[in-house]
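Undergrad: Just passing along the structure, written as structure tokens.
The values are calculated or read from the model by the stated rules, or taken from the named source; none is laboratory data. Since this is a predicted model, take the numbers as computed values, not measurements. When we count neighbours, we look across all protein chains shown, and the Cβ atoms used for this are built from the backbone with ideal geometry, even at glycine.
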Amino acid sequence: MNAQPQTRADWQTLAQSQAFETRAYINDDFVASQSGETFETINPATGVRLANIASCDQADADIAVNHARRAFEGGEWSRLPPIERKRTLLRLADLMEANKHELALLDTLDMGKPVSSSLGDMAGAIGCLRHHAETIDKLYGEVAPTGEDALGLVLREPIGVVASIVPWNFPLMMTAWKIAPALAAGNSVILKPSEKSPLSALRLASLVKEAGLPSGVFQVLPGFGHTVGKALALSMDVDCLSFTGSTQVGKQLLQYAGQSNLKKVYLECGGKSPNIVFADCKDLDAVARNAAAAIFRNQGEVCIAGSRLLVENSIREDFIERVLAAAETMQPGDPLDPESFMGAIVDEAQYRRVLDYIRQGVEEGARLRVGGEAIDAESGGLFIPPTVFDSVTRDMTIGREEIFGPVLAVFGFDTEEEAIRLANDTVYGLAAGLWSQDIDRIMRVSRRLQSGQVYVNNWAGGDQTMPFGGVKQSGNGRDKSYHSLEEYSDLKTVWVSLAT
Ligand code: NAD
């Protein structure tokens, strides 16, 4: 086995020798689900079953929540000096670094993304953990500006039991964005990975054990949303729910919180993000490559996919030709080949869904410029090529709904005002991009875009120092940066009367 796989053959060898943890991780132990039920996880690039995974439900959730509560009240982690939590989390980050090829491989096998992309996710996940570990012993509380007869302290304290429910498109990176700040802040965390990508979360659990987090502080419950996910969301003893996933499920979670204990709910949901290209932008070829990558990277299974391309009509036809040329170089291939730009679609249901959207696009009158047909892969996997529709309008389904696949909808516009109106004409508000050389326009338009992220002359730029999240129906939470630490802590006011 090659410890540092470089080539497709190296990755294939590593894949063949890979063992999978299939059990839930509860109170420091790997265990079967209480019911004994399992579910299959399948490699979408080959159709081959990888493993049968413990399918947790209410009973497992109850047990894990009890352990998490006991751990929190015990204080072994929650009351540990932040500098010591930092040391443990840095140890975990080092273990992840040492095992990053295996972790990347698990995500690739589970959900079909190219292994080079999974490796990029590992860098993001490990960087996130280090960032929060390094921040936690440098955040001070406040002393309020009171009179001499009192001392007003504003303390930051961990919330308690946090349940993190994550999706499958960036399995380990989304996990890190949630659990890193939650653990750093001193909470007990229960992770529910997506039923479509549980493998890396379970491997992470063994690294957490090795890093020495106290029992019950971090647990992993694989299973379905409507079973174990719902049980956690309705629990009277979970204090905070942090979620990344669809807007539809996000809305349900808010209801569950209202039906139970009014737990805090932080949501990172879907998007239909506009990418605006003004005629004055520099280097149309480079912008076209970026615009294509903005939608085709990760098979279009990206919350911030630049799925609506808004192009000034004076350059539209020329620009689309350049996008088509760029798309040609971004074809899907074997996810284990480090040269593949795109991999397989996560599962049969999502594959059918994307193809159905493409069919609707054609039926509703959009102009299909490239792609549109599934690739008949020898491997038996689920591959859809870059697909571009032109002449899309707001009333078309593909112009409005999140497809979560490699399908680009191109709109034309004539004026800046029209571009802003089109960009904001969506229930979502996650990301928006604009390409221009005019600084006045850049600032005018950036301010008016209803979006959590605005990318100027780039797409998806940013690092750990920048908060990430949405407005409107894209959610209310912020991952990354110290702002996410705020979500996982409560403010406590201590008013001390003093004799004068
Ligand atoms: P999903 O909403 O179907 O599932 C997300 C998670 O919620 C999964 O773990 C699932 O099991 C769980 N879940 C489903 N129903 C549940 C219920 N009733 N109760 C509790 N948990 C439940 O989303 P998905 O298909 O896994 O991911 C794709 C979606 O995620 C897209 O909409 C995408 O835009 C969004 N996403 C958003 C971000 C962001 O940062 N804003 C990042 C990645 C993905």
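Undergrad: List the pairs whose first member sits in segment 129-158 and is part of a loop (DSSP other than H, G, I, E, B), whose second member is surrounded by 15 or more Cβ atoms within 10 Å (Cβ to Cβ) and modelled with pLDDT under 95, and whose Cβ atoms are under 6 Å apart, counting only residues at least 6 apart or on separate chains?
TA: From residues that are part of a loop (DSSP other than H, G, I, E, B), there are no pairs.
Undergrad: Name every residue in segment 190-236 that is within 20 Å of Ile159 (Cβ to Cβ) and in a helix (DSSP H, G or I), in order of residue number.
TA: Residues of segment 190-236 that are within 20 Å of Ile159 (Cβ to Cβ), as a first pass: 190-192, 208, 213-221, 229, 231-236.
Result: Val208, Gly229, Ala231, Leu232, Ala233, Leu234.
Undergrad: Name the one entry in Ala163, Ala125 that is assigned to a strand (DSSP E or B), crowded, with 20+ Cβ neighbours inside 10 Å and modelled with pLDDT of 95 or more. Break it down into steps so the answer makes sense when it comes.
TA: Details: Ala125 fails: assigned to a strand (DSSP E or B).
Exactly one of Ala163, Ala125 is assigned to a strand (DSSP E or B), crowded, with 20+ Cβ neighbours inside 10 Å and modelled with pLDDT of 95 or more, namely Ala163.
Undergrad: If the requirement is being over 23 Å from Ala292 (Cα atoms), outside any helix (DSSP H, G or I) and either touching an Asp or Glu at 6+ places or on another chain (Cβ under 9 Å) or among the polar types (S, T, N, Q) (or both), which of these qualifies: Gln450, Gln437, Gln464, Gln473? Can you show your working first?
TA: On the way: Gln450 fails: over 23 Å from Ala292 (Cα atoms); Gln437 fails: over 23 Å from Ala292 (Cα atoms); Gln473 fails: outside any helix (DSSP H, G or I).
The unique qualifying residue is Gln464.
Undergrad: Report the residue count in segment 75-112 for those that are assigned to a loop (DSSP other than H, G, I, E, B) and basic (Lys, Arg). Talk me through it step by step, then tell me what you get.
TA: To start, the set of residues in segment 75-112 that are assigned to a loop (DSSP other than H, G, I, E, B) comprises 75-81, 99, 112.
Still in the list and also basic (Lys, Arg): 79.
Count: 1.
Undergrad: Kindly provide the set of residues from segment 420-442 that are hydrophobic (A, V, I, L, M, F, W, C), farther than 21 Å from Leu267 by Cα and touching a strand residue (DSSP E or B) at 6+ places or on another chain (Cβ under 9 Å), ordered by number. Step through it out loud before you land on a result.
TA: Of the residues in segment 420-442, the ones hydrophobic (A, V, I, L, M, F, W, C) are 420, 422-423, 427, 430-432, 434-435, 439, 442.
Keeping just the survivors that are farther than 21 Å from Leu267 by Cα gives 420, 422-423, 434-435, 439, 442.
Of everything in segment 420-442, those that are hydrophobic (A, V, I, L, M, F, W, C), farther than 21 Å from Leu267 by Cα and touching a strand residue (DSSP E or B) at 6+ places or on another chain (Cβ under 9 Å) turn out to be Ile420, Leu422, Ala423, Leu434, Trp435, Ile442.
Undergrad: I need the full set of residues from segment 168-185 which are assigned to a loop (DSSP other than H, G, I, E, B) and buried (at least 24 other Cβ atoms within 10 Å of the Cβ), in order please. Give the derivation first.
TA: Step one: of segment 168-185, the residues assigned to a loop (DSSP other than H, G, I, E, B) are 168-170, 185.
Passing the criteria: Asn169, Phe170, Ala185.
Undergrad: Moving to a separate point now. If you go through segment 237-264 one residue at a time, how many are touching a Cys at 6+ places or on another chain (Cβ under 8 Å), away from the ligand (no atom under 11 Å from the Cβ) and not in a loop (DSSP other than H, G, I, E, B)?
TA: Matching residues across segment 237-264 total 1.
Undergrad: Among the residues of segment 56-73, is any farther than 24 Å from Glu339 by Cα and in a loop (DSSP other than H, G, I, E, B)?
TA: Just the residues of segment 56-73 that are farther than 24 Å from Glu339 by Cα, to begin with: 56-73.
Narrowing the set further to residues that are in a loop (DSSP other than H, G, I, E, B) leaves 56-57.
Within segment 56-73 (the criterion being farther than 24 Å from Glu339 by Cα and in a loop (DSSP other than H, G, I, E, B)), the answer is yes, since at least one residue qualifies.
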